[in-house]
Amino acid sequence: MAGFCVLGFLVLAAAAAEFGAGDEKVSREDQRGEREEDKAAMGFLMMPTYITREVSKANIPLETIWNYIDYMDAYKDFTLNPVSYAEPALRAFVDELHANGQHYIQILDPECSFQNLSSGAHVAHWTGDNKATWEDLQYSVASVLNSGIFGVPMVGADICGFAGNTTEELCNHWMQLGAFYPFARSHAETLSNSQEPYLWESVAISSRKALGLQYHLLAYMYTLMYEAHTRGFPIARPLFFGFPEDSMTFTVSHQFVLGNGIMVSPVLSPDPTSVNAYLPEGICYDMFDFSNKWRGYESLCLEWNSTHATNSLGPCNCL
């Protein structure tokens with residue numbers, strides 16, 4: 001494929017030993033317990049208020065609160081729970097978001113039938129209630145790509161996992177990947193432990209870096225969304241979509257390309273010592289450091305070293 005191509009998100013997070021041990025780890029767990037107690041004393045509406053303020057303190061980009069169906073009265077669409085989501089309190093919360101340049105969206109759970117039209121032409125989707133496991137992190141890539149090909153371009157998986165309790169390392173890598181889902185949302189069931197990105201410093205660092213890059217790419221992403229609207233192209237695409245003449249791309253299921261310009265090659269297993277990526281045609285540049293570049297038509301293996309804990313390799317673009 002001639003012209004502008006891309007390589008992926010080769011983010012290497014710190015090994016488990018780097019995530020904190022001894023007194024520092026105990027202190028962090030104590031702080032986590034205090035946050036849980038604080039949130040337990042709040043109503044449902046106070047929790048997103050608390051979370052948005054903590055995210056802001058951690059300097060993590062946050063554009064939109066997607067409110068799950070807990071706001072409903074008896075789970076009926078277009079209603080408000082009169083106790084936990086009383087209208088005056090909700091209006092005050094939304095006003096605070098708007099004052100910060102943020103947005104508020106209520107998720108609907110309707111029983112709808114779309115005939116002769118793809119639902120993906122009208123709404124965003126998520127890939128279903130996943131689990132906080134490495135297997136579901138890996139499977140999320142194929143889920144997002146399949147949905148895009150089926151005509152649902154604005155799609156993403158629940159970052160850090162919905163069911164079960166995530167870990168610092170799993171959530172760290174999931175944030176690095178999930179920032180590049182077309183629909184990037186962290187979501188967990190009520191009984192799961194909290195997994196907000198500011199709870200762990202390693203996850204906060206990855207969130208600031210990955211989401212920060214995503215915001216720098218907004219004009220590019222909006223162009224891809226317009227292309228999806230007008231031509232039906234997926235936003236996140238398998239490698240073979242952009243490089244159909246390269247048979248090596250046919251079996252690549254752990255990488256994807258945003259449009260024709262950003263290839264994402266995530267960490268999908270614990271305790272990484274290296275990241276393997278296939279580079280199709282082109283010269284690929286590290287999006288975080290343009291002095292790093294590689295030629296295409298080869299498999300690339302980048303070794304882990306401790307300096308990547310906070311200054312990792314990342315998405316690359318290719319010329």
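The values are calculated or read from the model by the stated rules, or taken from the named source; none is laboratory data. None of the values given here were measured: they were computed from a predicted structure. Positions of Cβ are backbone-derived with ideal geometry, glycine not excepted, and every protein chain shown enters the neighbour counts.
When restricted to residues that are in contact (Cβ under 8 Å) with a residue 12 or more places away in the chain and under 14 Å from residue 187 (Cβ atoms), the range 45-61 contains 2.
In this structure, does residue 65 turn out to be within 27 Å of residue 180 (Cβ to Cβ), surrounded by fewer than 17 Cβ atoms within 10 Å (Cβ to Cβ), at pLDDT 70 or above and not acidic (Asp, Glu)? No, not satisfied.
The residues of the range 247-292 that are modelled with pLDDT of 90 or more, over 23 Å from residue 156 (Cβ atoms) and either in contact with a helix residue (DSSP H, G or I) (Cβ under 7 Å, 6 or more places away or on another chain) or not aliphatic (A, V, I, L, M) (or both), listed by number, are 247, 250, 251.
How about the range 242-259: which of its residues are of a type outside the set (Asp, Glu) and assigned to a loop (DSSP other than H, G, I, E, B)?
Keep residues of the range 242-259 that are of a type outside the set (Asp, Glu), which gives 242-244, 247-259.
243, 244, 252, 253, 254, 255, 259, listed by residue number.
Against the test of being within 18 Å of residue 256 (Cβ to Cβ), out of contact with any helix residue (DSSP H, G or I) (no Cβ under 7 Å at 6 or more places or on another chain), modelled with pLDDT of 95 or more and of a type outside the set (Val, Ile, Thr), the options 145, 137 yield a single qualifying residue, 145. Checked against the criterion of being among the acidic types (Asp, Glu) and either surrounded by 14 or more Cβ atoms within 10 Å (Cβ to Cβ) or more than 18 Å from residue 298 (Cα to Cα) (or both), the candidates 227, 245 yield just one match: 227. For residue 51, the conditions (1) buried (at least 17 other Cβ atoms within 10 Å of the Cβ); (2) at pLDDT 80 or above; (3) under 30 Å from residue 257 (Cα atoms); (4) touching a strand residue (DSSP E or B) at 6+ places or on another chain (Cβ under 9 Å) all hold with the exception of (3). Of the residues making up the range 63-88, those that are part of a strand (DSSP E or B) and either of a type in the set (A, V, I, L, M) or in contact (Cβ under 8 Å) with a residue 24 or more places away in the chain (or both) are 64, 65, 66, 67.
Conditions (1) among the aliphatic types (A, V, I, L, M); (2) within 25 Å of residue 70 (Cα to Cα), marked per residue:
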{"position": "169", "(1), (2)": "no, no"}
{"position": "181", "(1), (2)": "no, yes"}
{"position": "221", "(1), (2)": "yes, no"}
{"position": "227", "(1), (2)": "no, no"}
